[in-house]
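Asks: To start, I am sharing the structure in question, which I have written as structure tokens.
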Amino acid sequence: MQVITIVQTKGGSGKTTTAMLLASAALNLGRSVTLIDGDVNAQLGRWRDSFELATWESAQKPDWPESLAILSPPESVEGLLSLLEAEEARGVDLVVIDTRPGTHTDTEDFCLISDLVLIPARPVYAEWEMTHRAVLWMDDLRASIAEGERFPAVRVLVMDAGPKIIDAATREGGMAQLPKRDQDVLQEILRLDHLDVIVPHSRILEQLGYHGPLGPAARANA
């Protein structure tokens, strides 16, 4: 079983959307997924309710996937470890933990039991400082543990990218299409350890909280 924790130092950065996308991708591969909603706004925890209440008009609404569970986090590290053991015992393949914004000790606990920490980053100047702060926070957390102790991989995930940003990141000469400030921000992000995947800006993703995981919705209307 793999555990992924998603962190950022500010809200509205795409943490919850990232969790939903990871769940969608894993379900499409036939995996069993548990989401843990550690964010104060509990948007992830309300995902199934929002899906059930949404009106799909002429589209066919699928059933909520049986292999996708959403849980609240335990109040202690011991409780979290027990929960993870129970999820693994029942055959869960992937646990994704959404966290509240900010540099909190409970978020650090989530990170330390994870295999991977993801930092969603919108490639805009106004949010670059927060992404950089999140990366430094993880560096400090790594430095705080004993030498030789296990620490998760940490990767930045570029979120909500427009076509020019995607071209700049993936095509030779594409960077020249961007204003200088946007070039600087994107180059700084790409210097960090990051995933090769770039999540595009999309109306579909804006409605993900109502449509549920992407695969079941697409298959129901194929």
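The values are calculated or read from the model by the stated rules, or taken from the named source; none is laboratory data. Computed from a prediction, not measured in an experiment: that's the story for all the values here. Cβ: placed from backbone, ideal geometry, glycine included. Neighbour counts: every protein chain shown.
Asks: For the stretch 171-202, give me each residue that is in contact (Cβ under 8 Å) with a residue 12 or more places away in the chain and hydrophobic (A, V, I, L, M, F, W, C).
Replies: 175, 178, 185, 186, 189, 190, 192, 195, 197, 198, 199 - these are the residues of the stretch 171-202 that are in contact (Cβ under 8 Å) with a residue 12 or more places away in the chain and hydrophobic (A, V, I, L, M, F, W, C).
Asks: Can you name every residue in the stretch 185-207 that is in contact with a helix residue (DSSP H, G or I) (Cβ under 8 Å, 6 or more places away or on another chain) and either closer than 30 Å to residue 136 by Cβ or at pLDDT 90 or above (or both)? Show your work before the answer.
Replies: Kept after step one, since they are in contact with a helix residue (DSSP H, G or I) (Cβ under 8 Å, 6 or more places away or on another chain), are these residues of the stretch 185-207: 185-190, 192, 198-200, 204-205.
The answer is 185, 186, 187, 188, 189, 190, 192, 198, 199, 200, 205.
Asks: Restricting the search to the stretch 51-71, which residues are surrounded by fewer than 14 Cβ atoms within 10 Å (Cβ to Cβ) and either in contact with a strand residue (DSSP E or B) (Cβ under 6 Å, 6 or more places away or on another chain) or closer than 17 Å to residue 32 by Cβ (or both)?
Replies: To start, the set of residues in the stretch 51-71 that are surrounded by fewer than 14 Cβ atoms within 10 Å (Cβ to Cβ) comprises 52-53, 55, 57-60, 63, 66.
Listed by number, the residues that qualify are 63, 66.
Asks: Looking only at residues that are assigned to a helix (DSSP H, G or I) and either free of Cβ contacts under 8 Å to residues at least 40 places away in the same chain or at positive phi (or both) in the stretch 102-111, which one is surrounded by the most Cβ atoms within 10 Å (Cβ to Cβ)?
Replies: Keep residues of the stretch 102-111 that are assigned to a helix (DSSP H, G or I), which gives 105-111.
Checking the rest, the ones that are also either free of Cβ contacts under 8 Å to residues at least 40 places away in the same chain or at positive phi (or both) come to 105, 108-109.
Numbers: 105: 6, 108: 17, 109: 19.
The qualifying residue surrounded by the most Cβ atoms within 10 Å (Cβ to Cβ) is 109.
Asks: Still on this model: Give me the pairs: first residue in the stretch 73-101 and free of Cβ contacts under 8 Å to residues at least 60 places away in the same chain, second residue surrounded by fewer than 20 Cβ atoms within 10 Å (Cβ to Cβ) and assigned to a loop (DSSP other than H, G, I, E, B), beta-carbon distance under 7 Å, and six or more apart or on different chains, which are they?
Replies: 80/73; 80/74; 80/113; 81/113; 83/74; 91/32
Asks: Can you find, within the stretch 164-201, the residue that is nearest to residue 154 (Cα to Cα) among those that are surrounded by 12 or more Cβ atoms within 10 Å (Cβ to Cβ) and among the polar types (S, T, N, Q)?
Replies: So the residue we want is 187.
Asks: Between a first residue in the stretch 140-163 that is touching a residue at least 24 places away in the same chain (Cβ under 8 Å) and over 11 Å from residue 119 (Cα atoms) and a second residue that is of a type in the set (Lys, Arg) and surrounded by 11 or more Cβ atoms within 10 Å (Cβ to Cβ), which pairs have beta carbons less than 7 Å apart while being 6 or more apart in sequence or on different chains?
Replies: Short answer, once both residue conditions are applied: 151/142; 160/122.
Asks: While we're looking at this one, here's another question. Within the stretch 182-222, track down each residue that is in contact with a strand residue (DSSP E or B) (Cβ under 6 Å, 6 or more places away or on another chain), within 13 Å of residue 160 (Cβ to Cβ) and among the aliphatic types (A, V, I, L, M). Don't jump to the end; show me each part of the working.
Replies: Taking the stretch 182-222 and keeping what is in contact with a strand residue (DSSP E or B) (Cβ under 6 Å, 6 or more places away or on another chain), we get 189, 192-195, 198-201.
Applying the additional criterion that residues be within 13 Å of residue 160 (Cβ to Cβ) yields 189, 198-201.
Result: 189, 198, 199.
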